[in-house]
Amino acid sequence: MSEDAEKGAVPTPAFAPWDDPQAKPLIRFQGVTKKFGEFVAIDDLSLDIYEREFFALLGPSGCGKTTLMRMLAGFENPSMGGITLAGRDIVPVPPNKRPVNMMFQSYALFPHLSVADNIAFGLKRSDMAKSEIAGRVDEMLGLVQLRKFAARKPHQISGGQRQRVALARALAKAPKLLLLDEPLGALDRKLREETQFELMDIQEKLGTTFVIVTHDQEEAMTVASRVAVMDNGRLVQVDTPERIYEFPVSRYVADFIGDVNLIEGRIETLTKDCATVVWAETMPPITAGLPQGIGAGEACVFAIRPEKVTISAERPPDAVNALPGKVLDIGYLGNMSTYHVELANGQVIKSQMTNQRRLARRAFSWEDQVWVSFTATGGLILMA
Amino acid sequence: MRNRFSWFNATSLTLGFAFLYLPILILVVYSFNSSKLVTVWAGFSTKWYGELFHDQAFMDAAIVTLKVGLASSTLATVLGTMAAYVLVRGGRFFGRTLFSGMIYAPLVVPDVITGLSLLLLFISIGLDRGIGTIVLAHATFSMCYVSVVVSSRLVSFDRALEEAALDLGCTPWDAFKSVTLPIIAPAVISGWLLAFTLSLDDLVIASFASGPSATTLPMKIFSQVRLGVSPEINALSTILISIVTVGVVTTSVLTKQAAVRRKRQEQEAAKQD
């Protein structure tokens, strides 16, 4: 499968300035390195972020995503390399002079000020006329639906409301760029999901560029137009959520985003449009699309998402890849069930099936002999 | 279980209160004694209070003490807050360890030595001793207490608040003034009160640092007592004790009420999600 064919597999979104060679990035990191003593937090990183993007920095804690964001806010300076915002070098600009605002993980609401005064805080320090400030504060309160709470102090409102005050405060000065540091981390799951959509609505309405830092991959996938997966101070992959999920460039990305079955093996044959992977002596080889940068005979990892693996009682007659095994575990999640199938050589394959019908009798039970099957395009061969 | 009466608890409570407050109680009772002899009860009277207010030397000493207390605690609060801020927020800088050690030194150095060394300093730089030198001396030793109180508050202070202020357009000084200071204000105020109390209390350092023109109340009381305890001093002490008691009780009631109210508001707020 060629690069173009891969791109065709995922519909190109209407908004894709990153594919336009004419587009000028709003933010440009060029060869940025940040060291804290001996520790390298950011390692020679280059990245372009475009106007109106909702850009997510995703990675485990300590991967450098927060450092990257703090460099945009001005709280850290790169040890090497340059950062430009709308073509202007911002490295020497102090935080209070940058057209960038940040929503903090702890919200950092000023406890001694009312909700309205918190939102007005930045406006009072801008060149906005005093007469206009009240109007702007009211507009922001309306945006986050907190008009009723204008006079309350932060400790007199709930966590979800505090989160919205923090957002309104950061947006009040109409920054070119809004930074969100784990903005929904403190909310419970239901509220978090609602707020994700609220954030997307607000971002779309205002057209402000958002950069969000998160360790929650679902959150990144939901809100972002593009996601940068980071590891050890480097970017591993920068792409749309769909492509990150369906075409991870490495085992790390495949494993970090979503659930995945990883099968270690070696490439046996490479033909014009497919490759075969041998992975266990007693098992038939796996047929999959052509890998990139791996030659015949080299070690590789075959990655396939659980929802692309089908379970059946009989071997499907037309299946490209079908492996026998027995059901080890069944996880019922309501909307779907996850089956853990142990193959003859001990390898466990996860398969996810949606529960489309209520009250359907479960087709498989523990210890049942089953076949797991998947198509040639269902999985990916990645470097070991 | 918790509220059950037991003889052990009752006894230890009584002994504890007696140990702490019996001396003070005796002092208060004898301040209302009409006899000039401190140890002989001769009926209730408030005459010593009246005499106290007509004793010019005592009133002068009280005024000196108040002046010294206000000036030195304010100076100590400004310096102590600055020191705490630098120590907590300054990161690593050259001489930090030495600086923090030196700030807290007066906590452990005996007053006599602090007083003596200050005296030597004032003499060697030719500073005339008086109210000014007592203020300097008191500020020097009470600054470390302010610094301890304020830095413990700063350590628990969410640094993101200051960053948010910078992010929203504050200069570092503006951020300190409009965010940090209002939030740490309770600690700064308690630091000030502590410094003020220490200054009112101090006898040793004031004795070294003062000159003939300035006598503080503790110095005055001490010199009087050496000539014999007079009922006037009992009256004066009772006044001081009342002032302190009223102050402490009021602040603790107010703090308690504020905490209860805040807790209730937080609980109500949490229900809104």
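Summary of values
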| quantity | calculated |
| --- | --- |
| For segment B:1-160, radius of gyration divided by Kirkwood radius, i.e. Rg to Rh on alpha-carbons | 1.13 |
| GNM result for chain A, Cα springs below 10 Å: residue of A:207, A:295, A:37 fluctuating most strongly | A:37 |
| Descending principal axes extents, segment A:178-252, alpha-carbon based, whole Å | 32, 27, 23 |
| 222 nm mean residue ellipticity, helices alone, for the protein assembly as shown (DSSP H n ≥ 4; -39,500 (n - 2.57); rounded to 500) | -15000 deg cm²/dmol |
| Selected from B:180, B:255, B:236, residue furthest toward positive end of dipole (chain B; charges at beta carbon) | B:255 |
| Histogram of C-alpha separations across segment A:248-384, 10 Å bin width, % | 12, 42, 33, 11, 1 |
| Cα-based shape type of segment B:77-228, given that a ≥ b ≥ c are square roots of the gyration tensor eigenvalues and the cut on a/c is 1.5 | prolate |
| Segment B:171-232 - convex hull of the alpha-carbon atoms, volume per residue in Å³ | 137 |
| Most fluctuating residue given options B:142, B:237, B:124, as computed from a GNM of chain B linking Cα atoms under 10 Å | B:124 |
| Over segment A:92-135, equivalent-ellipsoid semi-axes from the Cα gyration tensor in Å | 19, 18, 7 |
| Hydrodynamic radius by Kirkwood, which averages 1/r over all alpha carbon pairs of segment A:324-370, in angstrom | 11.0 |
| DSSP beta bridge pairing in the protein assembly as shown, given as percent antiparallel to the nearest 5 | 75 |
| Förster-model FRET efficiency, 56 Å R0, residue B:12 and residue A:139, C-beta, rounded to 0.05 | 0.30 |
| Chain B: most fluctuating residue of B:224, B:56, B:257 per GNM, C-alpha cutoff 10 Å | B:257 |
| Cα-Cα pairs of segment A:250-306 separated by more than 19 Å (percent) | 27 |
| Compactness relative to 2.2 N^0.38 Å, alpha carbon Rg of chain B | 1.26 |
| Leading residue at positive end of dipole, the protein assembly as shown (Cβ point charges), from B:75, A:297, B:144 | B:75 |
| Long-range HN-HN contacts of residue A:177 with modeled amide H, under 5 Å | A:101 |
| Equivalent ellipsoid semi-axes, the protein assembly as shown, via Cα gyration tensor eigenvalues times 5, rooted, Å | 71, 30, 25 |
| Segment A:147-291: C-alpha gyration tensor shape, a/c 1.5 cut-off, then a/b vs b/c | prolate |
| About the Cα centre, charge dipole magnitude for chain A (Lys/Arg +1, Asp/Glu -1 at Cβ), debye | 1820 |
| DSSP H segments from chain B that extend 30 Å or more along their own axis, Cα-based, with Kyte-Doolittle mean of -1.0 or above | B:7-31, B:56-89, B:131-155, B:231-270 |
| Chain B - charge dipole about Cα centre, Lys and Arg +1 at Cβ, Asp and Glu -1, debye rounded to 20 | 640 |
| Stokes-Einstein translational diffusion, chain A - Kirkwood Rh over all Cα pairs, 0.890 mPa s, 25 °C, in µm²/s | 104 |
| Size of electric dipole in the protein assembly as shown: Cβ of Lys, Arg +1 and of Asp, Glu -1, about Cα centre, debye, nearest 20 | 2540 |
| Cβ-Cβ FRET estimate between residue A:200 and residue A:338, R0 fixed at 30 Å, reported to 0.05 | 0.60 |
| Whether segment B:159-273 is rounded, prolate or oblate, judged on the alpha carbon gyration tensor where a/c under 1.5 counts as rounded | oblate |
| Förster radius 22 Å - calculated FRET efficiency between residue A:222 and residue A:186 (Cβ-Cβ, nearest 0.05) | 0.80 |
| Distance violations [Cα-Cα > 18 Å] among A:190/A:308; A:173/A:205; A:148/B:256; A:190/B:271 | A:190/A:308; A:148/B:256 |
| Calculated on alpha-carbon atoms, Rg and Dmax of segment A:220-270 in Å | 12.5, 40 |
| Two-decimal Rg to Rh for segment A:42-135 - Kirkwood Rh, Cα set | 1.01 |
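All of the numbers you see were taken from the coordinates with simple rules; none came from a lab. This is a predicted model, so every value here is computed, not measured. For neighbour counting, all protein chains shown are included, and Cβ atoms are generated from backbone atoms with ideal geometry for every residue, glycine included.
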